[in-house]
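Input: a single structure, listed below in structure tokens.
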Amino acid sequence: MKQRLCSAVLTVCLLLAILPLGVLAAESQAIPFVTAVVDGTEICSVETEGKTRLFLPASADLSHLALRFADGENVKLRGTNGTLKAAETLDLTTIAKEDREGCYVIHVTTPSRQKTIYIMQGSKIPTVYLASADPEQDRSWVDQSKKNEAKGTMKMVSADGSAVVYDGGLTQIKPRGNSTFTYSPKKAYQIKLKDKTDLLGNGEKNKTWVLLANYGDATLMHDKLMKDLAVRLGMPYVVSCEWVNLYYDGEYRGVYTIGEKNDVGSTGVDITDMEKLYEEMCETYGDDMIAAEARNAYGQTYYYTENLTAPENLTGGWMIELNLQNVDEASGFFTRKGVGLNVKSPEYADKAAMEYISEYYQAFEDAVYAVDAKGNYTGYNAATGKYFYEYVDQTSLIRTFLLQELALNPDGFRSSLYFHKDKDGMMYAGPIWDQDMTFGTGWEIYIAPTVVDYHYLAEALIRIPAFRTALEEYFQSTFLPEIEGLLGEQGIMAGYKATLADNAAMNYKLWPYVRIGYPKAEGHLWNGNPNYDVVTADMADWVAKRIELLKTQFLPKPAAASQQFPDIRGHEAEEAINFVVEQGLFGGMGDGFAPNTPMSRAMLATVLYRMAGSPAVSGTSFTDVAADAWYSRAAEWASQQGILDGQAGLFRPTDTVSREQMALALYRYARHSGMKMTAGGSLSGYTDRGTVSSQAKTAVTWAVSHGILKGRTETMLAPLSNISRGQAAMSIEQFVKLTQK
């Protein structure tokens, strides 16, 4: 494939020979200092962070690397292992070794200057090279406007360089996305190959492909993880995608995913292609279309195209997309709930067709939001005599619901959510799309894994008994086993990280680690000095906490503690014990709960550890805690967080906990969790207040002021007395409810 040169290197060399040195520095700033030829393509060095960097793909052979320097001949190279003169090819590994950042650092001396270059290499993923056909319509021009569309060529090479997947023309290179195009400096693109090609090796040949930048996802794995999970769940028509390193006009642009579009076709959403039927019946379909609007039988606005001959069967196939409160395609409609839906296929539809699909969807929405005389959601549309699942397949709704809930997608059931419908059949939710801003990454805020926030259809579906029952059954039998496989040393996310790590190291020399999508939002970028280990560990912790929340929401609730444990019936702590058992914080002892048994340090550590979401921790630093003890991880975590102290290498797991120690542990936990530690009042009402130890006084005062620790009588606090399991349950219940306010 012919690639446009990164620079006119030969011309530069001639200029260097005739221009004075005072001009050289200024001229050379716009010229790549060094280029490498890999896969027959020239790759330019770039200036970032005040350093000259050369980013190489996985297919580059470092033992036989062709480097070209703008300063021409007599170039000397010095690395950590020695010095040599630049030649046609270089064995990079003989003169340098990787540093902690994965860089080969080479000091270059030319007749006119000295310069250091930092060479990095990706691994395990293919490489895509785009080249502009017209120098006037290069990448910078394409990136300026969504209206700018260029032509060019593309070469795609396997990770090891052994196979060229595609080497040919592109009839289209254009930017894609709405907010991503507007706010992300790392642009996404849509490309059209000259010939249909199976780029991903899955037997599906396509012309149109999408290069997603995933700029807002610091882990680079959100979107692919969700699509791969949808495939494992058996969701039909999920687009295939693969990570690649992208070079555009010889310049490295970072890690992208290349994949198919959500589109109707034999290799996409394989339903009746209504657009093709329209084209067969209308010779001028797509040219000079006349837009119009009307209202359907429900009084809702829809948009259609005039002067089209409609297919005989208007029932399918359709692909429609939720689009917040907007319609910004040629065809679309609004619902009673003020929601806008774009019709993605067919692009142009006549009046009768748009009337049909807008009314079909409205009948479904009405069924979802239907309530009885008492305000209970029924899922039944009395006007049509149909239930919601007679309009949209219930299993597809459940899968979509749970996928959005797992990732806590802020656009879930609001935007970029698709439905498809074939002729003479019902509608299906899916396929999924646009999942990069998920797993805590919100548009204007960070979204905690404990948030419960249902949007649009989801808010009503979860209240329909039939839907909720089916969802809980599916969650327990199918969804939970799949998502639990995401975590752990052998989990799916760990495998993704191993694949992406070297490539992410290069990517983030160009782009920042984004925490929140909107650039003007506080906390848009990660604080401190993040790295890929930090952001992927944060995601793993987020997912673990999210799974625990989903389990409390959708797994069958255990019987009330008072039914399981007869020994708490009539006890002062019965209500609190029911609460903490339902929350999964306490378990029983033997055949009962043992509410009067003193609380031990091992028990307290375990309760607080569960309350924190059971974060990952390994090993033990205590000689009196066996590695396989039921409380070992909790003890280690509580010690690491400064919540329960150990002494002289001992944790003392069987020691009892006093009432003031309980208050101190909860105070430290609250401070560790970032709670505002406000306290009022005093201990003046208790005659034994003087027995509170000095180190616990602030914590005890705080606990008493918030009702977390209550006196044993009106005048006695008994701070040094052992706290029983029942009393501890009362303190924990009050603490949890305080955090939920």
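The values are calculated or read from the model by the stated rules, or taken from the named source; none is laboratory data. Because the structure is predicted, anything quoted here is derived from the model rather than measured. Counting neighbours? That spans all protein chains shown, and the Cβs are built from the backbone with ideal geometry, glycine included.
Among the residues of the range 389-445, write down those that are β-branched (Val, Ile, Thr) and part of a strand (DSSP E or B).
Those that are β-branched (Val, Ile, Thr) and part of a strand (DSSP E or B): VAL392, THR441.
Consider VAL239 carefully, then state whether it is modelled with pLDDT under 95 and outside the structural domain of ASN409 (by TED's automatic domain parsing).
Yes; evaluated as a whole, the condition is true for this residue.
So ALA58 passes all but one of these: (1) among the aliphatic types (A, V, I, L, M); (2) closer than 30 Å to TYR496 by Cα; (3) modelled with pLDDT under 90. Which condition number does it fail?
Result: ALA58 fails condition (3) only.
Go through the range 489-516 and give me each residue that's out of contact with any strand residue (DSSP E or B) (no Cβ under 9 Å at 6 or more places or on another chain) and not in a helix (DSSP H, G or I).
Residues satisfying the conditions are GLU489, GLN490, GLY491.
Please work out which residue is nearest to the chain's Cα centre (by Cα), limiting yourself to the range 452-464 and to residues that are at pLDDT 95 or above and either among the β-branched types (Val, Ile, Thr) or in a helix (DSSP H, G or I) (or both).
Among those residues, the one meeting the criterion is ALA458.
Check PRO653 against each of (1) surrounded by 13 or more Cβ atoms within 10 Å (Cβ to Cβ); (2) at positive phi and name the one condition it does not meet.
Of (1) surrounded by 13 or more Cβ atoms within 10 Å (Cβ to Cβ); (2) at positive phi, only one is false for PRO653: (2).
What strands (runs of 3 or more DSSP E), lying completely within the range 279-388, carry at least 2 residues that are of a type in the set (A, V, I, L, M, F, W, C)?
Fully inside the range 279-388 and qualifying: 291-295, 318-323, 332-334, 340-345.
For the list (1) touching a residue at least 60 places away in the same chain (Cβ under 8 Å); (2) closer than 21 Å to GLY234 by Cβ, I need the number of the one condition that ILE464 fails.
Single failed check for ILE464: (2).
List the number of the failed condition for GLU733; all other conditions in (1) surrounded by 13 or more Cβ atoms within 10 Å (Cβ to Cβ); (2) assigned to a loop (DSSP other than H, G, I, E, B); (3) charged (D, E, K, R) hold.
(2)
Return the only residue of MET274, MET226 being over 27 Å from THR536 (Cβ atoms) and not basic (Lys, Arg).
Answer to the selection: MET274.
Any chance you could count how many residues in the range 70-90 are out of contact with any strand residue (DSSP E or B) (no Cβ under 7 Å at 6 or more places or on another chain) and in a strand (DSSP E or B)?
1
Among the numbered criteria (1) crowded, with 21+ Cβ neighbours inside 10 Å; (2) in contact (Cβ under 8 Å) with a residue 24 or more places away in the chain, which single criterion is violated by ALA363?
Single failed check for ALA363: (1).
Output the residues belonging to the range 456-489 that are within 20 Å of ASP372 (Cβ to Cβ) and surrounded by fewer than 18 Cβ atoms within 10 Å (Cβ to Cβ).
Matches in the range 456-489: GLU459, ILE462, PRO465, ALA466, ARG468, THR469, ALA470.
Among the numbered criteria (1) touching a residue at least 40 places away in the same chain (Cβ under 8 Å); (2) under 17 Å from PHE439 (Cα atoms), which one does GLY485 miss?
The failed condition is (1).
Out of SER682, SER693, SER724, I need the residue that is under 44 Å from the mean Cα position of the chain (by Cα), touching a residue at least 12 places away in the same chain (Cβ under 8 Å) and more than 16 Å from LEU738 (Cβ to Cβ). Which one?
Criteria check complete, one pass: SER724.
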